[in-house]
Protein chains: 2
Amino acid sequence: MIRIITMLILLSLLGCQGKMTEDLSSSVTKKVERPAYAIVIHGGAGTILKKNMTPEREAAYRKALMETLDVGEAILKDGGSALDAVEKTIHYMENSPLFNAGKGAVFTHDGTNEMDASIMQGIDQNAGAVGGLHTVKNPISAARAVMEKSEHVLLTSSGAEQFAQEVGLEIVPPSYFYTERRWKSLQRILNDEKTELSEHPEDPLDKKHGTVGCVAMDMQGNIVAGTSTGGMTNKRYNRFGDVPIIGAGTYADNTTCGVSCTGHGEYFIRYAVAHDVHARMLYLKESLAEATDYVVNKTLVEKGGSGGLVSVDKDGNVAMAFNSAGMYRGYARPGERFVGIYQEENTK
Amino acid sequence: MIRIITMLILLSLLGCQGKMTEDLSSSVTKKVERPAYAIVIHGGAGTILKKNMTPEREAAYRKALMETLDVGEAILKDGGSALDAVEKTIHYMENSPLFNAGKGAVFTHDGTNEMDASIMQGIDQNAGAVGGLHTVKNPISAARAVMEKSEHVLLTSSGAEQFAQEVGLEIVPPSYFYTERRWKSLQRILNDEKTELSEHPEDPLDKKHGTVGCVAMDMQGNIVAGTSTGGMTNKRYNRFGDVPIIGAGTYADNTTCGVSCTGHGEYFIRYAVAHDVHARMLYLKESLAEATDYVVNKTLVEKGGSGGLVSVDKDGNVAMAFNSAGMYRGYARPGERFVGIYQEENTK
């Protein structure tokens, strides 16, 4: 049973720079300002409670979220592309041991690391994804390479690693992905399997919800979404969750929005969550707030799918919606900055 | 460049048995008869032209399509489940060397066979999928086992094979999947790579579009969709197409329809084709005819994505839409039966 504590933070405030666009979500056609750029990130959603967090640990996450936003915002502010912003922003989170992606990836049942990632650009629905990587330092770059340097969308396992090597991505020994914290999480879960399966509040994201993601809109109005993960601790059978699945964990269309998800991946696949947010905006003419709220807090909650998503729409609105106790998250627009962890935190 | 020869065969005729349901696609609520059951199949879409087909070969395909329908219809007529009908129907095509799935799977660049499959039930959006199988005789049964016997949706490569073995599915040596025709196709393509890449009209489905699929609605009104493939001849890097991707190659929802796709998989992933048909019916209140026509003949054609799909909606309507020269296809409802290959064939 998931907790039905739900929360939706929706930012309808608009920034002070940018081009003039039409607000099609209103029945009255009015001119509103689109911010020059927007970027939103997540570092996983789950049973993240203040009572289980040390001040040091909380501070480390807040600092990491701020620094992550710094990376992407610097690129966007400088007129860089949303594609570069998303890739480099996710690099930062992949290189941090705090998040379940890249360096901080959780362990499989067999004590290995298997990483998935995907990226999609809203201008032409071009997309790339990888599943089951062991030795590529930054899986999001492998996803980008699949999009840009192959005729495919999804490459997997040893073939994807070979491709990453051929296009010159940084390869690291599997030991690079060893972190004591993640190793202990696996040992705890393996031990639980012998006794009784329980949740571990001190590391609530290890089991199902650890993912990082970023959606950005650049000064040209291009939206890109990307997601990267180490998957579930103790996963078996070369399981893929929603992260390498375009339409489930990641989607982007400049006419609607970009979406990056985090949560119990199987539910996000079955309800094509990222594509469904896009479809509701396109077909039902829902606002970003309405579409993300419905999918996260109604569709997923009714079915028992815990997690959340971040999104930027074509007008630069930002959504960070989740139905779990917390989600590591943040966004930046010109003159605006927010990072948060718990549901009780507001955007200011 | 794909051929922009397009075709849509839409069957609005309704069968003579069955329950009373409301036709919600009409603005006026009226009672129409839903057939007792409906089943539709495809065996791949592509540049299938009569001039390139021998009479013997054409007869073999028509016979196989008829026998395939026999399998599923017998189950449905007897009150069996759509789930059983779809699985057993796809078994029949997987066991035939004529279709690019199971026994007739094409070869990868490395001379191996890598098979993908997925299945989804419309009653609860439960789903299962497998990617990169080498030794499971019937990949669609592995997909069903993932749905019914695991907490996951997508298992891949050696892990999926281990899972299939553990749940007792039939395992065969890789040599089982050797067929001279598919081996020659690979050799031709490898040879072309050294000279100049060309299409081979005598085996047009080998390269991109070979897939089998089935959608069925049983007497309880449950809709199930399934798809199975050997992928692309000469594929590399453990590429997955749309077949193991829920939302791309396969989707099912009892409130709208079930969909199984075949075509250039990358496009079907990028436009979440199966889920998009569902979304258009649900959100835009389009009929099955309208939704499948739009997605196949507008969305995909505009983007250059060749292929097609088969679908059954909640009222037992059947669609077999494709934008290529041909699609191996057929359907059955009480008192009705059709099989076809070329675009010029009508439903009667």
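The values are calculated or read from the model by the stated rules, or taken from the named source; none is laboratory data. Fair warning: this is a prediction, and the values are worked out from it, not measured in the lab. FYI the Cβ positions are ideal-geometry reconstructions off the backbone, even for glycines, and counts take in every protein chain you see. Quick note on the areas: whole protein, heavy atoms, side chains included, nothing else; ligands and nucleic acids left out. Shrake-Rupley method; radii C 1.70, N 1.55, O 1.52, S 1.80 Å.
For residue B:337, the point set 7 Å out from Cα toward Cβ sits 7.2 nm from its twins in the other copies, listed from shortest up. Counting only protein heavy atoms and a 1.4 Å probe, region A:38-342 has 29 square angstrom of accessible area per residue. Rounding to the nearest 10 and keeping the result within 0 to 90°, find how far the Cα-based axis of helix A:273-284 lies from the longest principal axis of chain A. For helix A:273-284, the angle is close to 20 degrees. Secondary structure note: in region B:38-342, about 95% of the DSSP beta bridges are antiparallel.
For residue A:314, a cut-off of 17 angstrom between C-alpha atoms picks up these aspartates and glutamates, skipping any fewer than 8 places away in its own chain: A:22, A:23, A:33, A:124, A:218, A:253, A:276, A:286, A:290.
For region A:63-163, the gyration tensor built on C-alpha atoms gives an oblate shape. Its axis ratio a/c (a ≥ b ≥ c) is at least 1.5, and a/b is not larger than b/c. DSSP assigns beta bridges within region B:54-165; of those with both partners inside it, close to 60 percent run antiparallel. Within 10 Å of the Cβ of each residue in B:260-271, the mean number of Cβ atoms contributed by other protein chains is 3.
Could you let me know the centre-to-centre spacing of region A:71-139 and region A:154-179, using Cα atoms, in angstrom? Value for the Cα centre distance between the two parts: 13 Å.
Spin-label pair residue A:112-residue A:190: with each label point 7 Å from Cα along the Cα-Cβ axis, the two points sit 1.5 nm from one another. Annotation for residue B:54, label-to-label distances across the other copies: 7.6 nm (shortest first, one decimal, point 7 Å from Cα along Cα→Cβ). A Gaussian network model of chain A, with springs between Cα atoms under 10 Å, assigns the largest mean-square fluctuation among A:215, A:167, A:318 to A:167. Across region B:254-348, the mean sequence separation of Cα contacts (distance under 8 Å, 6 or more residues apart), normalised by length, yields a relative contact order of 25 percent.
On the accessible surface of chain A, probed at 1.4 Å, how many percent belong to carbon and sulfur atoms? Summing carbon and sulfur atoms, their accessible area is 52 percent of the total for chain A. Of all beta bridges that DSSP places with both ends in the protein assembly as shown, some 95 percent have antiparallel geometry. Other protein chain C-beta atoms within 10 Å of residue C-beta, averaged over B:282-295: 1.
What is the protein assembly as shown by shape, rounded, prolate or oblate, if you read a ≥ b ≥ c off the alpha carbon gyration tensor as root eigenvalues and call it rounded for a/c under 1.5, prolate for a/b larger than b/c, and oblate otherwise? Prolate. Inter-copy label distances at residue A:303, shortest first and taken from points set 7 Å along Cα to Cβ: 2.1 nm. Classified by the C-alpha gyration tensor, region A:38-342 has a rounded form. Its axis ratio a/c, with a ≥ b ≥ c, is below 1.5. Tell me, how many Å apart are the Cα centres for region B:284-333 and for region B:218-247? Measuring centre to centre over Cα atoms gives 16 Å. Modelled spin labels at residue B:33 and residue A:162, positioned 7 Å past Cα toward Cβ, are 5.7 nm from each other. Taking GluC sites (Glu not before Pro) across region B:243-296, none is in a DSSP loop with at most 10 further Cβ atoms lying within 10 angstrom of its Cβ.
Shielding of peptide B:143-153 by partners, expressed as the average count of other chain Cβ atoms within 10 Å per residue Cβ, is 3.
Compute the length gained on full extension between residue B:124 and residue B:149: take 0.36 nm times their separation in residues and subtract their Cα-Cα distance, giving the result in nm to one decimal. Roughly 7.4 nm would be gained on extension.
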